[in-house]
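*Asks:* Structure below; questions to follow.
The values are calculated or read from the model by the stated rules, or taken from the named source; none is laboratory data. Small disclaimer: the values here were computed from a predicted structure and weren't measured. Positions of Cβ are generated from backbone atoms using ideal geometry, with glycine treated the same way; all protein chains shown enter the neighbour counts. We work out accessible area using only protein heavy atoms, side chains counted, and drop any ligands, DNA or RNA first. Shrake-Rupley method; radii C 1.70, N 1.55, O 1.52, S 1.80 Å.
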Amino acid sequence: MNHVTLIGNLGRKPESKQTKTGKVVVNCSLATRERKDDVCWHNISAFDKTAEILQNYCEKGTKVAIEGRISNRSYESKGEKRTWSEVIANRVELLERRSDGPGSVLPANFENKQDDYEDDIPF
């Protein structure tokens, strides 16, 4: 089973991009810590409703819980093989409300729905 749950603070404002097929993807970084001086950074990517939540209601420093799966990709850069690890988020939960800024007020129809990619798995 490939499942991860992380709680931490966003390290930068979520950035929105489009894939070659026109699908919107939002990327950001998440800082987690086990101890006061032990910070671990995670690359986060989200699609669909999860991407909308990150883009519209989160900013640098927002505390969130993210559930998803770990994805590893390999590529070559300047003749060197490199590996990129990221968490593909399928659920985001906002853990705080800001008193100002874009994340301060959630709309009345806000629902934190989970993107269900497991329906695509044939087994």
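*Asks:* For region 21-65, with all protein chains present and a 1.4 Å probe, just round the carbon and sulfur fraction of the accessible area to a whole percent.
*Replies:* Result for region 21-65: 48 percent of the exposed heavy-atom area is carbon or sulfur.
*Asks:* If you average the C-alpha positions of region 55-76 and of region 1-53 separately, how far apart do those two centres end up, in angstrom?
*Replies:* 1
*Asks:* Still on this structure, I have one more. Quickly work out the Thr21-to-Arg69 label distance, labels modelled 7 Å from Cα along the C-beta direction, and quote it in nm with one decimal.
*Replies:* For the pair Arg69/Thr21, the computed spacing is 1.4 nm.
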